[in-house]
Amino acid sequence: MIFSFPPYALDEELFELRRDGQRVPVQPKVLGLLFLLVRERERTLTKAEVRDAGWPGVSVTEASLARAVSEARK
């Protein structure tokens, strides 16, 4: 599925973010977070849901979550 919000497009099949058709380099964890947020855009996710989706079975610090969200916002 492709999520389009011009000038950006998130392509799930290719697992990439594009701007004006050009691939934007994004770290895999951050890109995964973007896909999660777009798929679940109708509701607010808890930190636990974000952590469990992006880092299943791994102990993650608040700083790591905050950094991933900060990078996604850029």
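Bear in mind that the values in this text are calculations on the coordinates, not laboratory data. Just so it is clear, the model here is predicted, and its values are computed rather than measured. Note: ideal-geometry Cβ built from the backbone for every residue, glycine included; neighbour counts use all protein chains shown.
Numbers for the structure displayed
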item	result
Reported label for calculated log10 I(q)/I(0) by the Debye sum over Cα atoms at q = 0.14, 0.24 Å⁻¹ given (i) -0.53, -1.17; (ii) -0.38, -1.00; (iii) -0.44, -1.17	(iii)
Positive dipole terminus of the chain, leading residue within 61, 35, 21 (C-beta point charges)	61
Linear extension gain, residue 1 paired with residue 44, 0.36 nm per residue minus alpha-carbon span	13.3 nm
Estimated [θ] at 222 nm from DSSP helical runs (n ≥ 4, -39500 (n - 2.57)) normalised by residues in the chain, nearest 500	-13000 deg cm²/dmol
Distance in nm between pseudo-label sites at residue 13 and residue 64 (7 Å out along the Cβ direction from Cα)	3.3 nm
